[in-house]
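Quick notes on the structure that follows.
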Amino acid sequence: MRPRSFQNSPNNNNNNNSNTKPSSPNTKPSSPNTTTTISTSLMNEMNTINNNNNNNNTPVLRSSIQNVIAEARNLIQNNNNENINSSNNTTTSTIIGNNNNYRPSILKPSRPYTPRDPERKLFLENEYSSRPTSSFSINNLSNFDIKLNPLNRRSSLSSVSSSSNYGNDGNITENGKVEKYLNEINNDIDVVNNLNNIYNEITINGNFNKIKIIEQLSKFMDLNNKNINILILTSNIILKLNIENIKLFTIKLLFKLSKQEKYDKYFNDERIIINLLNLIENNKFGNVDTKNSNEHSKKENWEILLFTIGILKNISYDLKNQKLLIKNNCISFLSLLLINALKDIKLNNSINSNNLNNNNTTINNLDKINKQAQLLVQVMATLRNLAIKSSSSNLFLEYNVIDNIHLLMNELILHSEFIHNTSRVLSKLSLFDNCNKEMINIKNFKLCLMNVMKEHLNNIPILVRILFVLGNVTFYGYEEQEEKIKDLELLFYLLNNYCDLYLNIMMNNNHSINGNCVENNQMISKDNVDDLLIKLIRLIANISMDEEQGRLIASNPTVIESLMKLIEKQNEISEELLLNILRCITNLSFYSFNNELNNELNELYKNRIKLTSILGNLLFHEHLDIVYETTRTFGNLSKDHFIREYMNKSRIDEALIIMIDHLNEDIIYSVCGILINLTSDKEILLNLLNNERNLIDKLLNLLNENLNENINLIILKILHNISLNQLSIYNLNQLQQLNNLLNNLENNEIIKQLKNQLNLD
């Protein structure tokens, strides 16, 4: 009868919740392992590693049994306490942000972090040939000309008589209520209430004197006005009056106010939100460049739209304003802008391609595309602020926002600020299950994102966010997805380049350095590159879930070399980076230690002794996920006889036996998987069964706890291997206890075999 063996198949179900059933690794019995002697070269490598450990004052794997036990017991105690504490502080969030109260994990990775712009600038990058200014020198409205339709008459406010009463249709009308409110305002009587009354009256009653209202209220339209509430209420009334000549001034004034966070609360008024959204609805992309408008009118309409969306972007940082915008269909209005923009950009690109010899036409259309891109930068920043929870994510799907965004990315792929803002929207939406599924189903979505990275190889903020989106999209069931990520060479290139940059920063005492491989040779910090590597290695680990691509990655020297360089710096890199490196190595080791492959040609296999030495120290790590991923990797490495001997000689196996007492079921399960492989080797089994280690008693006690079916089954497989090789090792008490436990378990093939081997009833 053959010994049982254990191997961890690639998986994403790293869940340390003891109530969650651990994923079932590949436990199909393999051929018996032949006992051999470790080769001279491997023995020399082992000795070299241990000598280096001694010279570097790092934890020595060949420590005394007392030290191993002490370290392991500390690990068990610390992690058990952490497990108890975490059970009292549960969270339903799937992916977390950069919060010191949380510890990033496989299921809860850190999100890309963008520091908020305190100045709330309209644009952050200088890639525009022309862009509008938000500055203006007019202190009040008295210098504005007002155009009254349909009289087609232009009059200066200063020259218009206060007795002139032009209504909306040009007829002279009277409105006693408005007149009363204006008089009280002039006498500084209850100004705020009277402004509200005027707004309500002009909303209900169409008969009022526009010019007189503006004439009376113009004194409040001054940025030096210390009463911001009055200033915003007055601006909102003027917007409601819908007089063309003063729209831009009013919008620029509101934009100036929206740039300061302390004024956000004054915009928390549904009437203001509705008026701003009406400006967007009545001034879409398609209407900006209509043939019936002159150039000045086109430019002014475009600026009104630009600054209006800029206001929405600024005030949507505030939670109350976010809710108001969502309630009043802001996402719907912005989605229409995306649709119109896509049509116009495609049209202009088509015209350019058909008029390659006409420079004037090409320049004119490029200018139009540039203007539309500037508008879209504001749209994307606003959408990012509105992607706040799952309830709003449904609206993004309803209005087909994600698909339109991906199509616009193809058209404006070189526009870095647009791509940056777009990647921020997608990274937020990819956190929601419904949006994640939508991204998976959109044709060529992954291809689009890969093309974006090709065009922005040196732009770390864009790369981090695109990698984060791809990591989320590929996290669950990538091997079953129709669209695969085909350009693996691009990922290998990024890993090699940024790994080298990361190591160079470390050599520079972690000080920021001038990055030759980053945009504009800007100074780049260790944290920036660390974040990129986390997202990149997480993606590679996900892709390796697919067997065909996993084998290609596992056999790539660049990938393995980079991973080994990084894991050697285990004490200098971030926990999250270390965790993702371990998970990636775990998945790749499934292919590297598969008997079907030519292991001698496999890069990870060649580094197996060095890797085992590094992993030994990580068994004592304080982060549960790192301990778990380390044991999973050992589950695959221990398929190799040389590794089993090294684990025995370096006393890693002793620590594993102690870790059977861990409270975390996933770690217990994974540790037992390693013990299956170790007990399949007769020579190593003799050492494992040393009386001081109490392996059998620990296994029987664990079986008695009846944690779950998977753990019970894997314990039975260990006992099966022990019985095959060392039948006489059991004492009478152990046999009796085992017999009672087997009788209480559901009968299966392994139980039958164990009973036959031990002559139990």
(request) List the number of the failed condition for ILE540; all other conditions in (1) over 19 Å from ASP487 (Cβ atoms); (2) open to solvent by less than 10 Å² (accessible area, probe 1.4 Å) hold. (result) (1)
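Residues are listed down the side, and each one gets a yes or a no for (1) charged (D, E, K, R); (2) under 28 Å from LYS443 (Cβ atoms); (3) modelled with pLDDT of 95 or more; (4) out of contact with any His (no Cβ under 7 Å at 6 or more places or on another chain):
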| residue | (1), (2), (3), (4) |
| --- | --- |
| LEU342 | no, yes, no, yes |
| ILE345 | no, yes, no, yes |
| ASN348 | no, yes, no, yes |
| THR361 | no, no, no, yes |
| LEU375 | no, yes, no, yes |
| MET380 | no, yes, yes, yes |
| LEU386 | no, yes, yes, yes |
| SER392 | no, yes, no, yes |
| PHE396 | no, yes, yes, yes |
(message) Return the residues of the range 472-529 that are in a loop (DSSP other than H, G, I, E, B), touching a strand residue (DSSP E or B) at 6+ places or on another chain (Cβ under 8 Å) and either at pLDDT 90 or above or open to solvent by 10 Å² or more (accessible area, probe 1.4 Å) (or both); say none if nothing qualifies.
(response) SER512, GLN522
(request) Answer with yes or no whether ILE714 is crowded, with 17+ Cβ neighbours inside 10 Å and closer than 30 Å to ILE626 by Cα. (result) yes
(message) Given the criterion closer than 30 Å to ILE466 by Cα and buried (at least 23 other Cβ atoms within 10 Å of the Cβ), identify the matching residue among ILE626, ILE573, ILE534, ILE567.
(response) ILE534
(request) Please indicate, with yes or no, whether at least one residue in the range 677-690 is assigned to a helix (DSSP H, G or I) and closer than 30 Å to ILE573 by Cβ. (result) yes
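Touching a Leu at 6+ places or on another chain (Cβ under 6 Å), farther than 25 Å from HIS621 by Cα and part of a helix (DSSP H, G or I): is that true of LEU713 in this structure?
In short, no.
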(request) Would you confirm whether any residue within the range 678-699 is under 44 Å from the mean Cα position of the chain (by Cα), acidic (Asp, Glu) and open to solvent by less than 10 Å² (accessible area, probe 1.4 Å)? (result) yes
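Go through the range 629-662 and count every residue that is at positive phi and open to solvent by less than 10 Å² (accessible area, probe 1.4 Å).
Residues flagged as at positive phi and open to solvent by less than 10 Å² (accessible area, probe 1.4 Å) within the range 629-662 amount to 0.
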(message) ILE466 - would you say it is touching a His at 6+ places or on another chain (Cβ under 9 Å), crowded, with 22+ Cβ neighbours inside 10 Å, in a helix (DSSP H, G or I) and among the hydrophobic types (A, V, I, L, M, F, W, C)?
(response) yes
(request) Kindly indicate whether LEU457 is touching a residue at least 60 places away in the same chain (Cβ under 8 Å), out of contact with any helix residue (DSSP H, G or I) (no Cβ under 6 Å at 6 or more places or on another chain) and open to solvent by less than 20 Å² (accessible area, probe 1.4 Å). (result) no
(request) Hey, can you tell me all the residues within the range 209-237 that are open to solvent by 20 Å² or more (accessible area, probe 1.4 Å), modelled with pLDDT under 85 and part of a loop (DSSP other than H, G, I, E, B)? (result) ASP222, LEU223, ASN224, ASN225, LYS226
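The values are calculated or read from the model by the stated rules, or taken from the named source; none is laboratory data. Since the model is a prediction, treat every value here as computed from it, not as a measurement. Note: ideal-geometry Cβ built from the backbone for every residue, glycine included; neighbour counts use all protein chains shown. SASA here: full protein model, heavy atoms, side chains in, ligands and nucleic acids out. Shrake-Rupley method; radii C 1.70, N 1.55, O 1.52, S 1.80 Å.
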